[in-house]
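The values are calculated or read from the model by the stated rules, or taken from the named source; none is laboratory data. The model shown is predicted, which means the values in this text are computed figures rather than measured ones. Neighbour counts are summed over all protein chains in view; Cβ atoms, including those assigned to glycine, are modelled from backbone coordinates with ideal geometry.
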């Protein structure tokens with residue numbers, strides 16, 4: 001009968017890892033509820049767009065028919081006989097309905113405008129009825145959805161910004177034309193048709209002011225002031241949103257090369273797009289080192305867009321100077337062709353003989369030939385790998401001196 005000795009337990013000197021605090025099972029959210037919350041969050045842009053369109057339609061509906069009827073005969077009526085309270089409801093409702101397209105695209109600018117217009121519609125509805133109406137509740141629900149799911153509306157690109165800049169201009173034109181017809185009797189001469197209203201709108205928003213049509217009543221003057229202010233604001237915003245990024249991007253691309261070449265100093269320069277070059281770039285980036293890559297134009301680049309990559313022939317002096325080779329800590333030539341690595345070493349030594357050069361050797365048979373170009377260090381993965389494997393098979397010791405001798409065969 002064999003007796004087994006009790007297993008010795010390792011000493012428990014380490015502190016126990018604290019367990020993650022969890023909610024009691026009774027109050028945890030079930031999986032179906034979490035799935036419903038995720039689905040609702042994904043559907044938030046569509047829900048916000050639907051609420052914006054509904055809120056805009058409800059704000060316009062009570063005033064659409066009277067306003068169209070009044071505009072049909074506005075030239076024969078006095079401004080004081082028209083229900084002026086309908087005008088802001090129609091304009092704000094139309095703008096809010098237009099913002100529904102931007103909410104579907106999840107753009108940040110549409111989120112901001114829809115939030116402001118929703119609050120304005122709720123305030124107008126409360127002021128008109130002095131009690132919560134369907135328009136008020138739709139606007140309130142829209143505001144809640146926009147605030148709760150604000151992070152879903154995070155897109156900001158030139159196409160979306162340009163679209164809403166154009167929509168803003170179109171809304172402003174509609175505001176000016178309808179308002180000019182609405183207050184047409186308060187001008188001298190009176191504005192009685194669409195062409196005259198469109199002409200006066202463009203003339204006022206551009207602040208030209210020929211003086212051929214003059215506002216005479218207080219309502220017409222206040223409306224003209226609002227068109228001037230809105231025209232300057234919308235046109236300035238449109239120029240900054242659409243033209244600004246285009247001009248700024250062109251200037252940035254024109255100056256990018258010069259600015260980066262001045263800032264590149266004390267960095268590493270990697271020449272090549274091989275697997276070894278990419279792996280070395282990742283290691284240096286993980287250590288926070290500044291790295292500039294020179295990628296040949298005839299090879300696909302594996303580097304991400306945020307990498308500092310210069311595409312060009314590494315044997316040309318202007319390309320090496322753009323990469324900041326004279327100010328670099330070291331230059332590593334790691335192309336797939338050993339002859340190209342040798343030529344790159346010669347090109348670097350020509351313009352910056354004081355910079356350390358490290359040449360990669362893909363074929364061990366070329367080791368002696370590349371030594372003739374006298375790089376500061378040689379890196380031969382085949383020699384390193386084979387020697388380490390043999391030492392491991394024969395249980396020979398592998399120390400730091402051995403690895404240094406094999407990893408960097410000094411010239």
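Observations, loosely collected:
- Residue match in segment 187-196 (condition: touching a residue at least 24 places away in the same chain (Cβ under 8 Å), in contact with a strand residue (DSSP E or B) (Cβ under 6 Å, 6 or more places away or on another chain) and in the same structural domain as residue 63 (by TED's automatic domain parsing)): yes
- Criterion: within 18 Å of residue 264 (Cβ to Cβ) and exposed (fewer than 15 other Cβ atoms within 10 Å of the Cβ) - qualifying residue of 333, 322, 311, 292: 311
- The residue list 374, 382 contains one member that is touching a residue at least 12 places away in the same chain (Cβ under 8 Å) and on the phi > 0 side of the Ramachandran plot, which is 374.
- Residue within segment 135-147 that is over 20 Å from residue 58 (Cβ atoms), surrounded by fewer than 16 Cβ atoms within 10 Å (Cβ to Cβ) and touching a helix residue (DSSP H, G or I) at 6+ places or on another chain (Cβ under 8 Å) present: yes
- So residue 285, is it farther than 21 Å from residue 378 by Cβ, outside any loop (DSSP other than H, G, I, E, B) and touching a residue at least 60 places away in the same chain (Cβ under 8 Å): no
- Counted residues, segment 40-85 - those being at pLDDT below 65, crowded, with 16+ Cβ neighbours inside 10 Å and in a helix (DSSP H, G or I): 5
- For residue 273, the conditions (1) surrounded by fewer than 21 Cβ atoms within 10 Å (Cβ to Cβ); (2) within 20 Å of residue 360 (Cβ to Cβ) all hold with the exception of (1).
- Close Cβ contacts (under 6 Å, 6 or more residues apart or on different chains) running from residues in segment 89-109 that are touching a residue at least 12 places away in the same chain (Cβ under 8 Å) to residues that are surrounded by fewer than 21 Cβ atoms within 10 Å (Cβ to Cβ) and outside any helix (DSSP H, G or I) comprise 106/155; 107/155; 108/156.
- As a summary of the residue check, residue 236 satisfies the conditions (1) at pLDDT below 90; (2) assigned to a helix (DSSP H, G or I); (3) closer than 24 Å to residue 305 by Cα except for the one numbered (3).
- Out of 125, 162, one residue alone is under 29 Å from the mean Cα position of the chain (by Cα), modelled with pLDDT under 85 and assigned by TED's automatic domain parsing to the domain that holds residue 92. It is 162.
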